[in-house]
Amino acid sequence: MEITVVGTGYVGLVTGVCFAEVGYNVTCFDIDERKITALSQGRCPIYEPGLENMLQRNLEEGRLHFTYDSKSACKNADFIFIAVGTPENEDGSANLEYLEGAVEQIGMNLVRDAVIIIKSTVPVGTNQRMYQKLRGILPDDIQVKVVSNPEFLREGSGILDTFHADRIIVGSDDHRVGRAVADLYKPFGRPILQTDIRSAELIKYASNAFLATKISFINEVANLCEHTDANIEDVAKGMGMDARIGGQFLKAGIGYGGSCFPKDTKALEKLTEEYDYDFKILRSVIEVNSRQKHQLFEKACKMFGNLQGKRVAVLGLAFKPHTDDIREAPAIELISRLLEERADISVYDPAATRNTGNLFGSRLYYAENIDTAIKGADIVFIMTEWPQITQYDLERFPLLMRDPVIFDGRNCYDLSEAESAGLTYISIGRKAVNVSRNLENSKFQGLACRERN
Ligand code: NAD
């Protein structure tokens, strides 16, 4: 049984390595030559815990191969997984150009019957369209089937999620072919749901939209807590204890980011437009999140009036801990606004500094640790709850900063500890600590930062 995986990003690489780990012969193909060269040498181009070790072991044991030659990628394949990116178009719809490119390559290089499995997140109807596209390219004597197999892994725990998946969705209009794909997953021993092809496509979008809804909902409750003097941590805990609600994804914060929720909610919204259906909740979820991302910046503006020349440290750049992915990360949006304000910015992240450097270059100072990042800073923004940040000794803030003002977008610290450390501490949905001092002192209080006008 030969498996080929097209696209060696977060999803494709984890998929390929995990299939090799359970014993399949796997070839991973990517058009990025540099990535393939690194991978062939056992070097993992992305930060994903445990992946590099597993990659090296399977390379050494001869079950895992890498190529940027599409011909050899297709030559012996029985099953071809496509896991290329489907980023956002300017209008919010899913950009399918990489998928179309991958399908064309497969069509031009396939020399035997194969099952094509689309793992990329794609709008309803795409799998069927890709089948038609393949049929248009392939000679009549080569049979292909297209199966939808959306992916649910989370960056930062991709391997764990693959081996402990809550469910594996296999969508096919041919039950027998769907069964064959489901059987590939047997070694993982996880629950499998076989559906028709369009339902499988929608399961992925609906799941992400639901999780995003939970986040936007709890963020709205957090904002309400600030008005009503309630504490979001207690409120969320009390809600989550109800088994019907569940405690996961009830952590209030500075909004969701990453390569999935923002683009998938927007792509789903675009899809509803195509079908002339007004999905009201979804629109609100997106709107609440884009407002939430600016909450702390707005508060800083309110407190300081003008951030020009202020020394600002941003702790945490990745959209969540344990990944180097900064796509749609709230920190990136914050930094853009701080740059517009001409703040003097230092940043720290345990894994995402390189990616951030590629984006902002010399406009930021990239600190190697928290101490260096916050030294002499007027303001700290906490944007990712990395353990290095949540476990940081609060007493060091007043030691290293002039008059420590912390805006915490991830509610990392205990309020009483922040208070006794003498921090001015503003978090999400909780009482602001020691804040009156700064508000009183601020000559510019009430003056708006540029963007807000
Ligand atoms: P990614 O951007 O990390 O990787 C995509 C890879 O595809 C890149 O290495 C790129 O070079 C390669 N590629 C592009 N065109 C190609 C072609 N024609 N042939 C071969 N390779 C090609 O993407 P990702 O984050 O792994 O996401 C892949 C898909 O999975 C997306 O649809 C995404 O929405 C979905 N998904 C992602 C996650 C996640 O956590 N990242 C989780 C679930 C689902």
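Quick notes on this one:
- The length gained by stretching the chain between K375 and E90 to full extension, at 0.36 nm per residue less their Cα-Cα distance, is 98.7 nm.
- For region 72-161, the Stokes-Einstein estimate of translational diffusion at 4 °C and a viscosity of 1.567 mPa s comes to 93 µm²/s, using the Kirkwood hydrodynamic radius over alpha-carbon pairs.
- Three semi-axes of the equivalent ellipsoid, the chain, Cα gyration tensor, whole Å, largest first: 44, 24, 20
- Apportionment of accessible area to carbon and sulfur, the chain, percent (1.4 Å): 50
- Taking a point 7 Å from the Cα of R129 along the Cα-to-Cβ direction, the residues of region 54-91 with backbone N closer than 18 Å to it are 82-91.
- With the Kirkwood sum run over all distinct C-alpha pairs, region 293-452 has a hydrodynamic radius of 15.4 Å.
- Charged-residue dipole, Cβ positions (Lys, Arg, Asp, Glu), region 176-258 about Cα centre, Debye nearest 20: 700
- Rolling a 1.4 angstrom probe over the protein heavy atoms with all chains in place gives the chain an accessible area of 45 Å² per residue.
- If the chain linking Q248 and I137 were pulled fully straight, counting 0.36 nm for each residue of separation and taking away their Cα-Cα distance, it would gain 35.4 nm.
- Between F163 and S284, the modelled labels are 4.2 nm apart [label points 7 Å from Cα along Cα→Cβ].
- q = 0.19 Å⁻¹: log10 I(q)/I(0) that the Debye formula gives for region 204-291, counting C-alpha atoms only: -0.85
- Paramagnetic label reach from D174 (point 7 Å along Cα→Cβ; backbone nitrogen cut-off under 11 Å): within region 88-118, residues 113-116.
- Spatial extent of region 145-234: Rg and Dmax, with the Cα atoms as the point set, Å: 18.0, 58
- Computed P(r) (all Cα pairs; region 24-83; 10 Å bins; percent): 22, 55, 23, 0
- Sites K270 and E417, calculated FRET efficiency, Cβ-Cβ separation with R0 41 Å, nearest 0.05: 0.35
- Under-5 Å amide H pairs with V5, H placed in peptide plane, nonlocal only: T27, C28, F29, F81
- Taking every alpha-carbon pair under 8 Å whose residues sit at least 6 apart, region 112-223 reaches a relative contact order of 28 percent.
- With contributions of -39500 (n - 2.57) from each DSSP H run of at least four residues, the per-residue ellipticity at 222 nm computed over the chain stands at -13000 deg cm²/dmol.
- Normalised per residue, the volume of the convex hull around the Cα set of region 344-390 (Å³): 77
- Globularity index of region 2-195, i.e. its alpha-carbon radius of gyration over 2.2 N^0.38 Å: 0.96
- Axial C-alpha extent at least 27 Å, average Kyte-Doolittle at least -1.0 - helices from the chain (DSSP): 197-228
- Only Cα pairs under 8 Å and 6+ residues apart enter the sum, and on that basis the relative contact order of the chain stands at 12 percent.
- Computed from backbone phi with θ = phi - 60° and the Karplus coefficients 6.51, -1.76 and 1.60, the 3J(HN,Hα) list for region 345-352 is 10, 10, 10, 9, 7, x, 9, 9 Hz; x is used for glycine and proline.
- Derived scalar couplings between HN and Hα for region 146-156 equal 10, 10, 8, 9, x, 9, 10, 5, 10, 4, x Hz in order, rounded to whole Hz, by the Karplus curve 6.51 cos²θ - 1.76 cosθ + 1.60 (θ = phi - 60°), x for Gly and Pro.
- For the listed residue pairs K35/K320; K35/K204; K251/K320; K214/K299; K214/K263, the alpha carbons are over 21 angstrom apart in K35/K320; K35/K204; K214/K299.
The values are calculated or read from the model by the stated rules, or taken from the named source; none is laboratory data. If you're wondering where the values come from, they're calculated on a predicted model, not measured in any experiment. Neighbour counts run over all protein chains shown; Cβ positions are idealised from the backbone, glycine included. To get the accessible areas, we keep the full protein, side chains included, count just its heavy atoms, and leave off ligands, DNA and RNA. Shrake-Rupley method; radii C 1.70, N 1.55, O 1.52, S 1.80 Å.
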